[in-house]
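The values are calculated or read from the model by the stated rules, or taken from the named source; none is laboratory data. Everything quoted here is computed from the prediction, not taken from an experiment. Here the Cβ positions follow ideal geometry from the backbone for every residue, glycine too, while neighbour counts run over all protein chains shown. All accessible areas refer to the heavy atoms of the entire protein, side chains included, with ligands and DNA or RNA removed. Shrake-Rupley method; radii C 1.70, N 1.55, O 1.52, S 1.80 Å.
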Amino acid sequence: MHSRQDEPMIDAKNKAIVLSPEQSFEEVLELVQPMITAILLKCNVYKNYDYYRQVAAIAVWEAWQKANPTKGKFSSYIYTTVRGRILNELSSEQRYQSSYTLMEDETLNVLLTRGESIVVEDCSELVEMLFEFLSKEEVELLQLLYVDGYSYIEIAQQFSISVEAIKKRRMRLMTKIRSFS
């Protein structure tokens with residue numbers, strides 16, 4: 001066993017750095033930086049690089065705190081912990097990106113009212129196709145609800161029907177829009 005004065009520990013036979021949970025966290029983190037870089041490259045992390053480096057540093061901290069020298073090599077434990085955390089974070093990001101699509105403000109505000117007619121300006125082809133798919137009344141309901149911000153009560157009064165009828169129309173409209181995509 002090496003004493004704390006010998007840190008960083010060098011294995012005389014292999015000339016390699018030996019990690020130990022007895023070392024300070026800062027020293028361990030500094031020594032594993034090349035390992036973290038290698039893991040990030042193997043996992044094909046090319047964007048949000050600083051974020052994933054931070055995720056790796058947190059994983060090193062957790063491995064350092066939970067290390068048990070009787071259960072195996074400390075460096076192997078750090079490697080598997082960091083790699084596992086990076087892979088988990090990558091899969092979480094992939095799930096998020098597949099579930100949510102960001103839209104530009106222009107796309108969300110495509111409806112403009114001029115007198116009685118509804119005009120579509122500066123919108124994507126998808127939105128234009130959607131408007132062709134919807135009736136004039138459905139487009140008007142979309143505009144009143146999501147662009148103009150009217151409440152169900154105000155829209156019901158405008159159309160002279162019940163609030164429940166407006167809610168049902170909105171539900172049918174949302175079902176129709178979902179089936180479009």
Within the group 77, 150, which residue is at pLDDT 85 or above, of a type outside the set (A, V, I, L, M), under 30 Å from residue 21 (Cα atoms) and within 32 Å of the chain's Cα centre (by Cα)? 77
Residue check, residue 19 at pLDDT 90 or above, open to solvent by less than 90 Å² (accessible area, probe 1.4 Å) and either of a type in the set (A, V, I, L, M) or at positive phi (or both): no
So in segment 22-74, with the set limited to residues that are open to solvent by 60 Å² or more (accessible area, probe 1.4 Å), of a type in the set (Ser, Thr, Tyr) and within 23 Å of the chain's Cα centre (by Cα), which one is nearest to residue 92 (Cα to Cα)? 51
For segment 80-114: of the residues being open to solvent by 80 Å² or more (accessible area, probe 1.4 Å) and hydrophobic (A, V, I, L, M, F, W, C), which is modelled with the highest pLDDT? 102
Within segment 138-154, the residues that are over 16 Å from residue 168 (Cα atoms) and of a type in the set (Asp, Glu) are 148
Matching residues, segment 148-181, being within 14 Å of residue 130 (Cβ to Cβ) and open to solvent by less than 60 Å² (accessible area, probe 1.4 Å): 173, 174, 177, 180
